[in-house]
Amino acid sequence: MRIHSAKEHTDFSLQIRWLIISRAVFGVILIISSLVFSIKENLSFFSQPILSLYKIATCILVLSIVYLFHLNRFDKKLFLAYFQAITDTFIVTAIVFVTGSYDSVFNFLYLVVIIYSSMLLLQKGSLIIATISCLQYSILIEFEFYHLITPFHSRFDLNSSLDENHIIYRIIIFIAACFAVAILSGILSLQLKTAEKDLKITQQHLKRVEKMAAMDEVISGIAHEIKNPLASLSGSIQLLREDTKPGTYEDKLMQIILRETDRLKNIVNDIRLFSKPNTGNMIEIKMADMIEDTVRLFLNDPEWKPSIHIQLNLDKNITIFFDPTHFTQILWNLLKNAVQSIHDKGEI
């Protein structure tokens, strides 16, 4: 497992923090449950295994404080997660030992450690913790069977009550359960990580779309506000030009103003088309026919210069799926830009 970004680093630290808090809560619950058990069974608060459980719970609380203290001061968060998980397996082994070893009801705590390891350390980490848990539990049961250790709260003697095959069978079942949980929880954790990553990508995409939508509204508004004064300016110049003799200096200036006004109109139209694109009516059209019709209309446009020749080299069989209005507008803009860039004679 690798921490690639500051965001992932922060999330990983937060997960470790919640793990530390949960461990401390478990330590408190262990103390309270031990007290309740001793009172219910009329046992001394300092008898075994109650005293040992107090010590284990105290150890858990002290470790939790140490972990919290070093969490923000220790950069290697992955190492800290592995250290906590491995330490927890030893704590669970101690709890199992003082509560009866083979007869303990706390064997499930190994599975809890494996599950949270898969959430923090993914598949590899959960398999490592499962292996360590299986080794500790197997050694614990074998040592009890051969009288190398004696649990505090065992109801019967393993060696005299059960044969070795039964012990081996119990260990195999435990190992199978640990690795099954490790594999399944690892797969689920990996899928959860992938889903979270996809969700973050989707959220980022939605934010970009929202920003683009806001920008489109602003651009469309600006384009609309520019287009109205341009229309008024163009109309006023055309009225003034009617009273001006052709070829005079004033007439040439007005031609320049009208030409640049039309260019600004085209730019504004392009901006509006970009900000709010319309897919239009997509139909199959013949490019040659559309080009010929557009050129024929353009030859009657006031901006058309007779000194410019348009050369058509068309394939009558080419068809495309396009909106006819958009196609005509695009070709019209291209022709106008070409005419404006040719000052005297030329060919398009």
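The numbers here are math on the coordinates, done by the rules we state, and not lab data. All figures in this text were calculated on a predicted structure; none of them were measured in a lab. Cβ sites come from the backbone with ideal geometry, for glycine too, and all protein chains shown count toward neighbours.
Tell me, what is the FRET efficiency for Ser307 and Asn333 to the nearest 0.05, using R0 = 25 angstrom and their Cβ-Cβ distance as r?
0.75
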Whole-Hz couplings from phi, Karplus 6.51/-1.76/1.60, listed for segment 308-318; x for Gly and Pro: 9, 9, 9, 9, 9, 10, 10, 9, 5, 8, 7
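Find the relative contact order for segment 32-105 and round it to a whole percent, using C-alpha pairs within less than 8 Å whose residues are 6+ positions apart.
Details: 24 pairs, mean separation 22.8, N = 74.
This gives 31 percent for segment 32-105.
What ranking of Phe83, Phe106 emerges when the number of other C-beta atoms within 10 Å of each C-beta is taken as an exposure proxy, fewest first? Can you show the working numbers first?
Numbers: Phe83 13, Phe106 16.
Listing Phe83, Phe106 from fewest to most nearby Cβ atoms yields Phe83, Phe106.
Using the Cα gyration tensor of segment 219-348, with a ≥ b ≥ c the square roots of its eigenvalues, what is the shape: rounded (a/c below 1.5), prolate (a/b larger than b/c) or oblate (neither)? Don't skip to the answer; put the middle values down first.
Numbers: a/c = 2.88, a/b = 1.32, b/c = 2.19.
Judged from the Cα gyration tensor, segment 219-348 comes out oblate (a/c at least 1.5, b/c at or above a/b).
Just from its helices, what would the mean residue ellipticity at 222 nm be for the chain, if runs of 4 or more DSSP H residues each count -39500 (n - 2.57) and the sum is divided by every residue, rounded to the nearest 500 deg cm²/dmol? Before the final figure, lay out each step's value.
On the way: 9 runs with 257 residues, N = 348.
Calculated mean residue ellipticity at 222 nm is -26500 deg cm²/dmol.
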Among rounded, prolate and oblate, which fits segment 6-203 when a ≥ b ≥ c are the square roots of the eigenvalues of its C-alpha gyration tensor, a/c under 1.5 means rounded, and a/b larger than b/c means prolate? oblate
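Set the Förster radius R0 to 56 Å, insert the Cβ-Cβ distance between Asn317 and Lys76 as r into 1/(1 + (r/R0)^6), and round the FRET efficiency to 0.05. It would help to have the intermediate numbers written out before the result.
Numbers: r = 68 Å, r/R0 = 1.22.
Efficiency at R0 = 56 Å is approximately 0.25.
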I want to check the label-to-label distance for Ser47 and Tyr169. Put each point 7 Å from Cα in the C-beta direction and report it in nm to one decimal. 3.4
For segment 284-318 and segment 31-59, distance of Cα centres in Å: 96
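Using a 10 Å cut-off around each Cβ, can you sort Arg170, Arg73 from fewest to most neighbouring Cβ atoms? Before the final figure, lay out each step's value.
Working: Arg170 17, Arg73 6.
By the 10 Å Cβ count, ascending: Arg73, Arg170.
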Between segment 193-223 and segment 89-111, the Cα center-to-center distance that results, in Å: 52
Any idea what log10 I(q)/I(0) is at q = 0.08, 0.13 Å⁻¹ for the chain, Debye with uniform C-alpha scatterers and no solvent? -0.63, -1.08
Modelled FRET efficiency - R0 56 Å, Val36 with Ser220, Cβ distances, 0.05 increments: 0.20
Once label points are set 7 Å from the Cα along Cα→Cβ at both Glu292 and Leu206, what is their separation, rounded to one decimal in nm? 5.2
Per-residue HN-Hα couplings for segment 224-235, Karplus 6.51 cos²θ - 1.76 cosθ + 1.60 at θ = phi - 60°, whole Hz, x for Gly and Pro? 5, 5, 6, 5, 5, x, 5, 5, 5, 4, 5, x
Please rank Tyr67, Tyr82, Tyr110, Tyr169, fewest neighbouring Cβ atoms within 10 Å first, as an exposure proxy. Tyr169, Tyr82, Tyr67, Tyr110
Rounded to whole Hz and in sequence order, give me ³J(HN,Hα) for segment 112-120 from the Karplus expression 6.51 cos²θ - 1.76 cosθ + 1.60, θ = phi - 60°, writing x for Gly and Pro. 4, 5, 5, 5, 6, 5, 5, 6, 8
Under 5 Å, built H, 5+ apart or other chain: amide partners of Asp323: Ile283
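Report the full-extension gain for the segment Val112 to Glu242: residue separation times 0.36 nm, less the Cα-Cα distance, to one decimal in nm. Walk me through the intermediate numbers first.
On the way: separation 130, 0.36 × 130 = 46.80 nm, distance 9.07 nm.
Residue separation times 0.36 nm, minus the Cα-Cα distance, leaves 37.7 nm.
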